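Read the structure below first, then the notes.
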Amino acid sequence: MQEGYLDQRLIGQRFIIKPTDLTDGVAFYGILYHLHTGDTVEITAVSAHGLTVTIIAPQQ
């Protein structure tokens, strides 16, 4: 199996952020990004550094 194959299959997957998924946000290169409980996100890219998600529907 080629390297990164399983990660590539995650692109397009959507999920709703639950309280157990994060506490204060996500830190990357020292920058804090805030996702909120109830946000619906989609995985839009993968790399050796992690997943890129886009908020599809903000919490209501």
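The values are calculated or read from the model by the stated rules, or taken from the named source; none is laboratory data. Just so we're clear, the structure is a prediction, and the values are computed from it rather than from any experiment. No Cβ is skipped: glycine too gets one built from the backbone with ideal geometry, and neighbour counts run over all protein chains shown. What goes into the accessible areas is simple: the full protein's heavy atoms, side chains included, and nothing from ligands, DNA or RNA. Shrake-Rupley method; radii C 1.70, N 1.55, O 1.52, S 1.80 Å.
Is it the case, given these coordinates, that Gly50 is open to solvent by less than 90 Å² (accessible area, probe 1.4 Å) and modelled with pLDDT under 70?
Numbers: open to solvent by less than 90 Å² (accessible area, probe 1.4 Å): yes; modelled with pLDDT under 70: no.
Judged against the criteria, Gly50 is not a match.
Looking only at region 1-22, residues that are under 16 Å from Gly50 (Cβ atoms) and at pLDDT below 75 come to 6 in all. Figure legend. Inter-residue proximity from region 42-60: first residues within 14 Å of Arg14 (Cβ to Cβ) and without any contact (Cβ under 8 Å) to a residue 24 or more places away in the chain, second residues small (Gly, Ala, Ser) and open to solvent by less than 60 Å² (accessible area, probe 1.4 Å), beta-carbon distance below 8 Å, spacing 6+ or different chains. Indicated pairs: Thr52/Ala45; Pro58/Gly38.
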